[in-house]
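Novice: Quick one: structure below, then a few questions.
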Amino acid sequence: MAVLPPTKDDVDMLIADPSLADQFDEVFGLGTASQFLGPSSPLLPDDEDLELLRELLARDPELYANQFDAVYGSGAAKRYMVHEGSPFPGSEGDEVEALVQSSAAPTAPGQARENAAAAEEPAAEQGAPSSEPALEPDPEDIELLMEDPSLAAQFDQMYGDGAAAIALPADLWEAASRGAHFYKNGQYSQALALFRFAVRAADSGTEVSVEQESTLVLNVARTMARLSRFSDALTQCQNAQQMLRKAGYSETKVLYTAAEARMQLCDFEGARRDANEVLRADPGRKEAKELLVNCIQRVNERSYTLLGLDPKELERDPSGLKKAYRAQCRIWHPDRHASSPKDAQVRAGFVFPRIQKAFEELSATHLS
């Protein structure tokens, strides 16, 4: 699976020597070489084109992005020129935001890992066969390696000399870029490992702005939400909010993701509060309006609905109230979730008090 698009230099090298096709496919994905060796090979921008696009986007993003796409293919501007403050790829909803190094030219896609591998690979003796990875690395092993780079020696023993250097991102910027690519392709576990690698790099001293670091943390949150880890996603949102608040920046881009996580955790009051904050900053945001309507509906659910009761049937047979309450207790009582995953515990903590309140209200009407 390709993790980044090839650069113009990569393609030029392939066209000059088609025998490199197998190596090209290993780096950029099976079948990628054939796309560039055929008669309809797409063009790729060089460094001068990318620098020009960066300047033009500052003037009129939509116009010049469309012109760039007309030359280099649909979506090319998004693939190559996403940067902080740009109009794409996903500044809204649950899309992650890509990050590129602003103080220097970004590392050429696919090149940083090859350079890192070459730096650690000893010079081969003349006539000696080159070392090849014994196996294709398992994605879970790659995630473990990124969590703990000290496992590099063990990784190389399993997959061949230099495999760890190829698998590990060269720096924060490459990790963020590769993470965004995996996210867009629905490979959320790999994306999460890369985003967390980037956050650790920022924490370890890589120079980034507050907005850039908060974007990395927000990308971790959005990816966790995609993996149905809503409590963890909310924690990461709160971390990003704290960074932005401390620096005096708006927290709006974080609040929508937080509101969605709260909805999944049945914290409807909290979700309503966050959605309202988003709409104060951006009154026309459609998905925030829809989320707020959903929040209000859930907050105002009738006691009958919470206990799964029909009002007319309860009028005829009030004994059904206690039966319904006991049934809901078996589902939502916190003691039944003491050993459940974190999200289930949190949901029970929000839902069970509502069940109790609904029972008390209906008892006053039907059992007194």
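Read-outs: derived from the displayed coordinates by stated rules, not from any lab. No experiment lies behind these values; they were computed from the predicted model shown. Every residue, glycine among them, receives a Cβ derived from its backbone with ideal geometry; neighbour counts consider all protein chains shown.
Novice: Over region 172-222, what number does the Rg to Rh ratio reach, with both radii from the alpha-carbon atoms and Rh per Kirkwood?
Specialist: 0.95
Novice: List the extent of the Cα atoms of region 311-368 along each of their three principal axes, largest first, rounded to whole Å.
Specialist: 40, 16, 15
Novice: With the Cα gyration tensor of region 245-295 giving a ≥ b ≥ c as the square roots of its eigenvalues, does the rule (a/c under 1.5 for rounded; else a/b larger than b/c for prolate; else oblate) give rounded, prolate or oblate?
Specialist: Oblate, since a/c reaches 1.5 and b/c is not below a/b.
Novice: Here's something else I'd like to know. Whole-Hz ³J(HN,Hα) for each residue in region 323-331, computed from phi via Karplus 6.51 cos²θ - 1.76 cosθ + 1.60 with θ = phi - 60°, x for glycine and proline: what do you get?
Specialist: With the stated coefficients, region 323-331 comes to 4, 5, 5, 4, 4, 5, 5, 5, 8 Hz.
Novice: Right, something else. How much length is gained on full extension from residue 331 to residue 344, taking 0.36 nm per residue of separation minus their Cα-Cα distance?
Specialist: Gain in length upon complete extension: 3.6 nm.
Novice: Sticking with this structure for a sec: Give me the number: length gained by fully extending residue 293 to residue 364, i.e. 0.36 nm times residue separation minus the C-alpha to C-alpha distance, one decimal in nm.
Specialist: That works out to 22.6 nm of additional length.
Novice: How much length is gained on full extension from residue 310 to residue 210, taking 0.36 nm per residue of separation minus their Cα-Cα distance?
Specialist: Going from the current span to full extension adds 30.7 nm.
Novice: Output the Cα-based Rg and Dmax of region 239-368 in Å, rounding Rg to one decimal and Dmax to a whole number.
Specialist: 18.3, 61
Novice: Counting only C-alpha contacts under 8 Å and six or more residues apart, can you give the relative contact order of region 148-293 as a whole percent? Please list the in-between numbers first.
Specialist: Details: 161 pairs, mean separation 19.7, N = 146.
Reported relative contact order: 13 percent.
Novice: Debye sum, Cα scatterers, region 146-259, no solvent: what log₁₀ I/I(0) at q = 0.22 1/Å?
Specialist: -1.20
Novice: Dipole of region 273-368 (Lys/Arg Cβ +1, Asp/Glu Cβ -1, origin at the Cα centre): which of 365, 304, 351 lies farthest to the positive side?
Specialist: About the Cα centre, the residue reaching furthest to the positive side is 351.
Novice: Okay, moving on. With r defined as the distance between the Cβ atoms of residue 301 and residue 23 and R0 fixed at 51 Å, what FRET efficiency is calculated, to the nearest 0.05?
Specialist: On the way: r = 60 Å, r/R0 = 1.17.
After rounding, the FRET efficiency stands at 0.30.
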